[in-house]
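The values are calculated or read from the model by the stated rules, or taken from the named source; none is laboratory data. What you are looking at is a predicted structure, and each value in this text was computed from that prediction instead of being measured. Methodologically, a virtual Cβ is constructed for each residue, glycine included, from the backbone with ideal geometry; neighbour enumeration extends over all protein chains shown. These area figures cover heavy atoms from the full protein model, side chains too; ligands, DNA and RNA do not enter into them. Shrake-Rupley method; radii C 1.70, N 1.55, O 1.52, S 1.80 Å.
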Amino acid sequence: MFQKNGVIFRSTLLDLPGICHGFSTREGGVSTHPYTREMNLAMGREDDDDTVRRNGEIFASLVSDGRMHKENLVTASQIHSDIVRILTAENRGEGMTVPAGEDCDGFVTDVPGVLPVIRVADCTPVLLAGRKSDGSPVVGAVHAGWRGSGAGIVRTAVEKMRDLGVLTESVHAAIGPHIGVCCYEVGEDLLEAVTDMAGEAFAKACCRPRWIDDAGRQKYTADLTGMNLHWLREAGVPAEQIDVSPHCTMCDPAVFHSHRATGGKRGAMGAVIGIYL
């Protein structure tokens, strides 16, 4: 179950020993520009970098109950891929207090004190946590737009967690706030692209006909939740260990940054998970 704790959301399924996590909203930060206020975690928008770093400090502290800071965060340029990086202690601060590392759309780590954070404004944030045979934790954070969702980036993340020794049956996943099937209208081109990536049956199940426009073109709604649920189950994550946020970012732009609701004039939210030091 997703619960709002002050200005961030948490999933009760990820309230696990030794692990902290959270999904930010657009509330609680120091950004003052109309497009990005209050909490924007993306560089290169309307905020200067120092403002984004201050927001990062607030977010890291909120998520970890004051035990970790912006220097623990790791971000990267997100490129709508299925690339997932394994992080070590040397990666701390990348993209926030030191230059960013390699481009990617997901992170996994088994190192305490590393806070991988992905940024979204309608795309799907997915946080993951599991245990090795000795009980030590492994965590992951994934940015899944329609390309990543179609390509199965969450399955790749679970595979990377297995590379670190995680037991698949121990993995818990939380799919955070993102644009819902209620609002995510797409065209034939997206249906064809998803078909090429994952097959016709998958595409038809996740891209449903909605209406025909004045030019006679079929319009669809894309189900990002359904795409990511499919790949999590394919990866072996038990269904009862998957939590899904009921919130659509486009439906509530007062609480969430939404690219579609604002025509791209927006900041970005963050989703972060980490292992306590």
Conditions (1) open to solvent by less than 10 Å² (accessible area, probe 1.4 Å); (2) closer than 29 Å to Gly6 by Cα; (3) of a type in the set (A, V, I, L, M); (4) assigned to a helix (DSSP H, G or I): number failed by Ala271: (4)
Search result, residues across the stretch 79-92 that are open to solvent by 50 Å² or more (accessible area, probe 1.4 Å) and either in contact with a His (Cβ under 6 Å, 6 or more places away or on another chain) or in a helix (DSSP H, G or I) (or both): Glu90
Any pair with Cβ under 7 angstrom, 6 or more apart, that starts in the stretch 203-228 at a residue that is polar (S, T, N, Q) and ends at one that is assigned to a loop (DSSP other than H, G, I, E, B) and open to solvent by less than 30 Å² (accessible area, probe 1.4 Å): Thr221/Tyr184
Pick from the stretch 231-252, criterion without any contact (Cβ under 8 Å) to a residue 40 or more places away in the chain and in contact with a helix residue (DSSP H, G or I) (Cβ under 8 Å, 6 or more places away or on another chain), ranking: least open to solvent (accessible area, probe 1.4 Å): Ala239
Only listed residue being farther than 23 Å from Val181 by Cα and in contact with an Asp or Glu (Cβ under 7 Å, 6 or more places away or on another chain), chosen from Arg67, Arg92, Arg53: Arg92
Lone qualifier among Asp103, Asp122, Asp110, Asp134 - being closer than 22 Å to Phe202 by Cβ, modelled with pLDDT of 95 or more and of a type in the set (Asp, Glu): Asp122
Residue within the stretch 30-52 that is open to solvent by 20 Å² or more (accessible area, probe 1.4 Å), under 23 Å from Pro137 (Cα atoms) and touching a residue at least 12 places away in the same chain (Cβ under 8 Å) present: no
In the stretch 60-76, residue farthest from Glu90 (Cα to Cα) [restricted to those that are in a loop (DSSP other than H, G, I, E, B) and open to solvent by 50 Å² or more (accessible area, probe 1.4 Å)]: Asp65
Criterion violated by Arg54 - all others in (1) under 19 Å from the mean Cα position of the chain (by Cα); (2) farther than 20 Å from Thr109 by Cβ satisfied: (1)
Within the stretch 9-24, considering residues that are open to solvent by less than 10 Å² (accessible area, probe 1.4 Å) and over 17 Å from Val244 (Cβ atoms), the one farthest from the chain's Cα centre (by Cα): Cys20
Residue within the stretch 257-266 that is among the hydrophobic types (A, V, I, L, M, F, W, C), out of contact with any Pro (no Cβ under 6 Å at 6 or more places or on another chain) and part of a helix (DSSP H, G or I) present: no
The stretch 93-124, subset free of Cβ contacts under 8 Å to residues at least 24 places away in the same chain and either among the aliphatic types (A, V, I, L, M) or not in a loop (DSSP other than H, G, I, E, B) (or both), residue surrounded by the fewest Cβ atoms within 10 Å (Cβ to Cβ): Val98
